[in-house]
Each structure stands twice: as C-alpha cells, then as structure tokens.
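J.: Sharing a structure with you now.
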Amino acid sequence: MNEKKYDLTAWPEGKLEYLGHCPMCGSVDRTLLHDGLIDNLFFCSPGKWSLHKCRKCLAAYVDPRPTADSMYLAYRHYYTHDASSSNAPVSMSLAQTISRSIGNGYRNWRYGTKLSPSTIFGVPVTYLLPKLKRTIDVQFRCLPATATRKRVLDVGFGGGVFLDYAASMGWDVAGVDIDEVVIRNGKARGIDARQGSIEAFADQPESFDYITISHVIEHVYDPVETLKIAYRLLKPGGQLWVDTPNIDSYGYAHYGANWLGVDAPRHLLIFGWDTMSYALKQAGFNEWRHVDRAHSALTVFPLSEQVLRHSRTGTDPFSEAPPKPAPEARMAALKSKVFKRHAEFITVIAVKK
Ligand SMILES: [Zn+2]
C-alpha cells in the first residue's frame, strides 16, 4: 500500500494571483464548477483550488491561481526524467512479436520509419483496427513523412519520445522544456534543446514545418500568447498539433472533480471545443481539423475511476493498475465517435496559410 497522502497545507500567502475574469477571453461572466479542489493526482501541491467556467469562451480556469514564481511548488514530484526509448529491445513472446510487427508495418509505411520486427500486412490489419491506428497516429502526432530535411519543434518535450520518433523519420528535431534535467538529457540525444517556454525560439520566425504542443497548453499562463508565438515560428504552410484535455468530455460530465483532466492547480485552464476555436483564431489561425479521439474514453475513464476510489482514502491512485474499462467507458467511446466534441481530449491540427 502506497503511503502517499494529500498535502493539506495552504499555498504560501502572497503567492496567489486573483484574476476575477477569464484568462482566455477576459470575460467576468462565469459559474463556479468546483470549490476546495486538492492535488488528488500527484500529492505534491499544497493548497485548495476553485475551478470556474467562463460563460463566453467556455474555458474552465483556476482562480485564484499560483503566481508564476511559486508554481514550482505544484511540480515537486511531477517530472519524469526517463530518457529511455520506447523501442528499446526486449525479449518478446510470439504473440508480442506478431503484434509489434503489425504496428511497425503500419509505422514504417505511414511514417517512413525503419522499425523491426515489421510486416507489410501490418498496413491493412492496422486499418481494420481503428484503436491501434489511432494510438500510433497520436504517438507520431500525425507528423507527415518527409523525404527532405524538415524541422519540428516540440513544446514541453519531456522524455523526448515523440522527438525520437520524429528523428527516426528524418526530421530535424528541436524542443523546449522548463526542466533543466530534460534539457541536459535532450541535448545528449541530439535534440536542439532550449530551456524555457516557446519564447526560447522567438529568434527563429518562420523556421519550423511542424510544431507540437501536447498536454502543455493547459499548464501555461497565457495560452493565446503561446499559440501566437507558434504561429510566428511556423513557415507558411506549416502545421501546429495541439492536444489537451476537454472540459466538454463525457469523462468530465461523469467524474467531475475526480476526472483526470482537472488536475488543479497544474491545469490552469481547461479548453472546450469553443475555447480552442476562440484561441486558434486569436493566434492567427483560420484553418484546422480535429483528430478523432473517441477511444480516449477507454483510458481516461478507468484512470478517473482510480482517482475517485482513492479519493475516499486519500491514497495514491496510481499505486495499482487501473480497472478494465467499465460499460460507461465503452459507451462514452462509442458516443464520442459521433459526438466528437465530447471526446476526452481536444486534438487539432491547425495550418498557417
Ligand atoms: Zn473566457
């Protein structure tokens, strides 16, 4: 049994920023979604938090929120510094070898990698297994295959798994992260890594063909400014991939404060579909498409179920494996196939004209 317990101490006095309005659109028109939220995921953040929903752009946001200079307190046990590659050789059973060969067959065909073991039959088989295909496409963030050297920037690259994939496809890889250990590990692996926010690359306008912001935009203080800089850094015709939790999801409707995507106070602002449209337009984009994330309910529901169960004892929800997806998770996955704006994540690819 994991002995981690909630941190019930208060956030330091004088280190709270009171907004009174939506940090996305500035509207003061709002409803209170939750009061007294505590860090029920990583157990490292002090404080209790209120989550509000903007009536104009439909964002959910934490107010008051930690000041930028005190935010590190919410990340003390949060970072992972695993620099290992997900394709490290391991001994596999026959079934695992077949399964890996099928996925790699599709990866090599679609993304131009040279992974093994692999079979060309993986291409049609993966098309018959939409969950597998979607999982791989999200891993690769729909990065286009390329025959020429192109540049990709990952904002908040963390363990660097995605940039490893991109490098194996022949892309020149760059990344920013606020964590210095991440930067050190990244440089050692050939990543053009800079410490800080996306602004660290502000001296290179129109120099990237693809920029990815995966599960980062909900952590930043000014998401529109981040998207504006991404717009400036993209070449004309370049594309931006954004992936973030969806406050309009079936998962949030079902689990409320115990939904995985709430994660206060680290998730300063949680997007809905309308929020994303508003933010992309503000940043200069006027063309984007949504990536199908219907299957995400099969992952997010069981993890949120864990958070809910452990909230009764105040113990670490990740100390045991999550349960199998319950019928309501399968139903949510099915429904969000049709009602796409209620999937667990908002995943968009925006194009700079
Ligand atoms: Zn708003």
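J.: Checking the a/c ratio against 1.5 first, then a/b against b/c, what shape does the Cα gyration tensor give for the stretch 248-302?
T.: Judged from the Cα gyration tensor, the stretch 248-302 comes out oblate (a/c at least 1.5, b/c at or above a/b).
J.: Short version: ³J(HN,Hα) in whole Hz for each residue of the stretch 50-61, in order, from phi by Karplus 6.51 cos²θ - 1.76 cosθ + 1.60 (θ = phi - 60°), x for Gly and Pro, what are they?
T.: 10, 10, 10, 10, 6, 7, 8, 9, 6, 6, 9, 9
J.: Per residue of the stretch 286-295, what does 6.51 cos²θ - 1.76 cosθ + 1.60 with θ = phi - 60° give for ³J(HN,Hα)? Whole Hz please, x for Gly and Pro, Karplus curve as stated.
T.: After applying 6.51 cos²θ - 1.76 cosθ + 1.60, I find 9, 9, 7, 10, 8, 8, 5, 10, 4, 5 Hz.
J.: HN-Hα J couplings of the stretch 24-35 from phi, Karplus 6.51/-1.76/1.60, θ = phi - 60°, integer Hz, Gly and Pro as x?
T.: 8, 10, x, 5, 8, 7, 8, 10, 7, 8, 8, 10
J.: Here's another thing I want to ask about it. Suppose every Lys and Arg Cβ carries +1 and every Asp and Glu Cβ carries -1, with no other charges. What dipole size does the chain come out with about its Cα centre, to the nearest 20 debye?
T.: The dipole of the chain has a size of about 1240 debye.
J.: Could you please report the charge total around Ala279, scoring K, R as +1 and D, E as -1 over all other residues with beta-carbon less than 13 angstrom from its beta-carbon?
T.: Once positives and negatives cancel, what remains is -1.
J.: Additional query: Answer rounded, prolate or oblate for the stretch 118-248, using the Cα gyration tensor with square roots of eigenvalues a ≥ b ≥ c: rounded when a/c is under 1.5, else prolate when a/b is larger than b/c, else oblate. Kindly include the intermediate steps, with their values, before the conclusion.
T.: Values: a/c = 1.67, a/b = 1.45, b/c = 1.15.
Cα axes put the stretch 118-248 in the prolate bin.
J.: Putting +1 on Lys and Arg Cβ atoms and -1 on Asp and Glu Cβ atoms, find which of Pro322, Leu303, Ser336 reaches farthest to the positive end of the dipole of the stretch 292-341.
T.: Final value for the positive-end residue is Ser336.
J.: How do 177-183, 222-228 rank on mean C-beta neighbours within 10 Å, highest first?
T.: 222-228, 177-183
J.: Here's another thing I want to ask about it. Within the stretch 191-230, whose backbone N sits under 16 Å from a point 7 Å along Cα→Cβ of Ala68?
T.: Under 16 Å, as judged by backbone N against the label point of Ala68, lie 195-202, 217-230 of the stretch 191-230.
J.: Tell me, which cysteines of the chain are without a disulfide-compatible partner by the Cβ under 4.7 Å rule?
T.: Cys44, Cys142 - these cysteines have no disulfide-compatible partner (Cβ-Cβ under 4.7 Å) in the chain.
J.: Okay, next question. Rounded, prolate or oblate: which fits the stretch 147-351 when a ≥ b ≥ c are the square roots of the eigenvalues of the alpha-carbon gyration tensor, with rounded for a/c under 1.5 and prolate only if a/b beats b/c?
T.: prolate
J.: Can you give the calculated 222 nm mean residue ellipticity of the chain, where each DSSP H run of n ≥ 4 adds -39,500 (n - 2.57) and the sum is split over every residue, rounded to the nearest 500 deg cm²/dmol? Numbers along the way, then the final one.
T.: Working: 10 runs with 107 residues, N = 353.
Dividing the helical sum by the residues of the chain leaves -9000 deg cm²/dmol.
J.: On to the next question. Quick one: among Val176, Val125, Val242, which has the greatest mean-square fluctuation in a GNM of the chain with alpha-carbon springs under 10 angstrom?
T.: Highest fluctuation of the listed residues: Val125.
J.: I've got another one for you. Report the label-to-label distance for Gln96 and Val28 in nanometres (one decimal), using points 7 Å from each Cα along the Cα→Cβ vector.
T.: 6.0 nm
J.: Here's something else I'd like to know. Quick one: if you stick a label point 7 Å off each Cα along the C-beta vector at Arg189 and Thr313, how many nm between them?
T.: It works out to 3.4 nm between the two label points.
J.: Here's something else I'd like to know. Taking 0.36 nm per residue of separation and subtracting the Cα-Cα distance, what length does fully extending Ala147 through Lys335 add?
T.: Here the answer is 63.8 nm.
J.: Here's a follow-up. Relative contact order for the chain using alpha-carbon pairs under 8 Å, separation at least 6, rounded to a whole percent?
T.: Result for the chain is 17 percent.
J.: Now a separate question. Which percent, nearest 5, of DSSP beta bridges in the chain are antiparallel?
T.: 50 percent
Values quoted throughout were computed directly from the atomic coordinates according to the rules given, and no laboratory measurement underlies them. Keep in mind it's a predicted model, so treat the numbers as computed, not measured. In this analysis, Cβ positions are derived from the backbone assuming ideal geometry, glycine residues included, and neighbour counts consider all displayed protein chains.
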